[in-house]
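The values are calculated or read from the model by the stated rules, or taken from the named source; none is laboratory data. Predicted, not measured: the structure shown is a model, and the values here were computed from it. For neighbour counting, all protein chains shown are included, and Cβ atoms are generated from backbone atoms with ideal geometry for every residue, glycine included.
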Amino acid sequence: MEVITTENLTKKYGSLLALDNLNLRIRQGRCVGLLGPNGAGKSTTIKLLCGLIRPSKGRAYINGIDPASDPKDALRDVGCLIEVPIFYRNRTPLEILYYLGRLRGLKFPELRERARECLELVRLSQWSKTKVKKFSLGMVQRLGIAQAILHDPSILILDEPALGLDPRGIRHVRDMTKELVRQGKTVIFSSHMLYETREICDTVALINRGRLLAYDRIENLEKIFNIRMVEIETVRPLSVHQLEKIKRLKPVRSVVNGGNGGNIIKINFDGDRNTCAELHAELVTNVGAKIISFKPSVGALEEVYLQLVQE
Amino acid sequence: MPVPPSDLKQVGTIAKFESEFENWKSMAGNISLIGLASVIVTIMLILAPSRPPTAEIFSGTFLFPVFLFIPLAAIFFAGNNVTSEFESKTGYIIFSNPVKRSVLVTGKFLASLLYVFWAIIIFYIGCIVSTFYLYGVVPQSILSSFGFALLYGCAVLGFVFLFGSMFGNGMIAGTLSFLILFLVMPLLQSFLVEMGHEPWYLLTYAAGSINAFGGTSMPGTTTIFGMKPYLGLPNPILSAIVILIYFVVLFGLSIFAFKRKDML
């Protein structure tokens, strides 16, 4: 079932065409990464879906309802986080969550419990009664996440959720988003970070200059662009002989140094998941590589991105 | 999944949130200023070389600053209220909720109205107390004046909300409202009166009923740029209808503008 649909969605700001006939169909339970350079149209798409701006042409639908004309019904099952949110400065997180919760139909004591849970989840419990004006950027961002999940929506629209967070915070948001995806929620995740997108999303929509360049599952895109890459970390750097052996393996297209003093290499190969497993076996048995980790590399998505998104 | 409450309940939630004193010190300061203004007017009237002969004229004189005071209260209290979501970008949070924009603007309007009504009430209390202290009576017409002041407050807020919704900027909304209510309309009104035409349809003319006490009209004795702003007393019923129409039309337009404004 498709929960989010856009039909020829277009947005113009004066003479600037920010979004050009975007057609997307997002199925329930999918996690879609919106990728593209600055000014590509990602935030415009998200703002249109959340009813913040009105389309110049075309329609967007959430569960079959247009948020521009009926935000109340369209957004009832949606949690949004748009850019770094700005909250009412003189209010506390609890006051803000109670306010938004009431607007969304949550009632006490359930609202109190839910607000407490959300603040705990984003690690803001101890600041629940501190005015937001005293918060750092990262804390505000975490409060933004808390308000987005407050009513336990089945659709989440997250625009750069890791913006302003420290490395621990980024990881926390990544894990939290993955858990939400695992719970079967539909997620739209806009980010510049390819690694985050590769880790969290199963599908990507590549947008540039307002146009949708590609929209498919990540593995399909990698297949279409004939880019499949694995990142391998070994105990010791591989010898020249071992590297030559790898290059001669049938599915291998190229081998590049991935850093860490030569302990990491990236292998670009042709084939599917079975080929990937066979490659792993070959590396262990024939090449004699002592492998610590063997994982799909973000490099493949990066290659797709770079091929599609021209400067 | 929780079901969003009715529009009416959401209006109540928004009005309550917006009218809660975000900053007690600032609110207390504003209310103290209104109280102080009331005390200053009382002292000035007591110390005046000739005190007005009747309680009606005294009340009318006391309440003359209401003309100035209601728009100022509306601009200060409401200007930022309607535009804050756009200016401070809190709209990214609130607009992405299951709330109609018409509901949002109505809730904010109610909260602003509460502030303006508070200001009016405090000033009228000052008027009643000082009139009673000096004359031993309170003219009944003060009630109708109070009603007109409240209505005028609604209409003035309509202007502030309309400009706020159109431009999304409190400063522009305040300045435009100020210019219209203190310059454009009074000048046009005085000009038309000079020409012998009664501008009953102008908001500032209709609002003259606030000061029409016991058959006398204080505004009728004043001049704007050397011109008289009134041609006799405004008809109270017609004035009430005119002010009400201003309020309904301006508020309707501000909802329309608020709904169409993009949250960039």
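Under the condition of being within 11 Å of another protein chain (Cβ to nearest Cβ), touching a helix residue (DSSP H, G or I) at 6+ places or on another chain (Cβ under 8 Å) and part of a loop (DSSP other than H, G, I, E, B), the residues counted in the stretch A:100-136 number 1.
Scanning the stretch B:108-127 for any residue that is within 14 Å of another protein chain (Cβ to nearest Cβ) and in contact (Cβ under 8 Å) with a residue 60 or more places away in the chain turns up at least one such residue. Any residue that is at positive phi, in the same structural domain as A:Asn208 (by TED's automatic domain parsing), touching a Phe, Trp or Tyr at 6+ places or on another chain (Cβ under 9 Å) and outside any helix (DSSP H, G or I) - is there at least one of those in the stretch A:2-18? No, the conditions are met nowhere in the stretch A:2-18. Screening the candidates B:Val105, B:Val99 for the property of being within 14 Å of another protein chain (Cβ to nearest Cβ) and either at positive phi or outside any helix (DSSP H, G or I) (or both) yields one hit, B:Val99.
So that you can scan it fast, the table gives a plain yes or no per residue for (1) within 27 Å of B:Asn80 (Cα to Cα); (2) at pLDDT 85 or above; (3) assigned to a helix (DSSP H, G or I):
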| site | (1), (2), (3) |
| --- | --- |
| B:Met171 | yes, yes, yes |
| B:Gly174 | yes, yes, yes |
| B:Phe178 | yes, yes, yes |
| B:Pro186 | yes, yes, yes |
| B:Leu192 | no, yes, yes |
| B:Trp200 | no, yes, no |
| B:Gly208 | no, no, yes |
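Scoring A:Lys11 on the criteria (1) touching a helix residue (DSSP H, G or I) at 6+ places or on another chain (Cβ under 7 Å); (2) at pLDDT below 90; (3) charged (D, E, K, R) leaves a single failure, condition (2).
Among strands (runs of 3 or more DSSP E) entirely within the stretch A:137-228, having at least 3 residues that are within 14 Å of chain B (Cβ to nearest Cβ) and farther than 20 Å from A:Gln28 by Cβ singles out no element at all.
What about A:Ile86, is it facing another protein chain (nearest Cβ under 7 Å), touching a Cys at 6+ places or on another chain (Cβ under 9 Å) and in contact (Cβ under 8 Å) with a residue 40 or more places away in the chain? In short, no.
On the basis of being within 13 Å of another protein chain (Cβ to nearest Cβ) and either part of a helix (DSSP H, G or I) or at pLDDT 70 or above (or both), does B:Pro53 make the cut?
On the way: within 13 Å of another protein chain (Cβ to nearest Cβ): no; either part of a helix (DSSP H, G or I) or at pLDDT 70 or above (or both): yes.
It is false that B:Pro53 is within 13 Å of another protein chain (Cβ to nearest Cβ) and either part of a helix (DSSP H, G or I) or at pLDDT 70 or above (or both).
Does the stretch B:65-93 hold any residues that are surrounded by fewer than 21 Cβ atoms within 10 Å (Cβ to Cβ) and within 8 Å of chain A (Cβ to nearest Cβ), and which are they? Once the filter is applied, which keeps residues that are surrounded by fewer than 21 Cβ atoms within 10 Å (Cβ to Cβ) and within 8 Å of chain A (Cβ to nearest Cβ), the stretch B:65-93 yields B:Ser88, B:Lys89, B:Thr90.
Only one entry of A:Lys72, A:Lys47, A:Lys42 meets the criterion of being of a type in the set (Lys, Arg) and either more than 9 Å from chain B (Cβ to nearest Cβ) or over 18 Å from B:Arg101 (Cβ atoms) (or both), and that entry is A:Lys42.
Keeping to the stretch A:27-55, report how many residues are more than 23 Å from A:Val304 (Cα to Cα) and assigned to a helix (DSSP H, G or I). Steps first, please.
To start, the set of residues in the stretch A:27-55 that are more than 23 Å from A:Val304 (Cα to Cα) comprises A:28-29, A:47-55.
Subset that is assigned to a helix (DSSP H, G or I): A:47-49.
The number of residues fulfilling the criteria is 3.
Scanning the stretch B:234-260 for residues that are modelled with pLDDT under 90, in contact with a helix residue (DSSP H, G or I) (Cβ under 7 Å, 6 or more places away or on another chain) and either crowded, with 21+ Cβ neighbours inside 10 Å or not in a helix (DSSP H, G or I) (or both) yields B:Pro234, B:Ser239.
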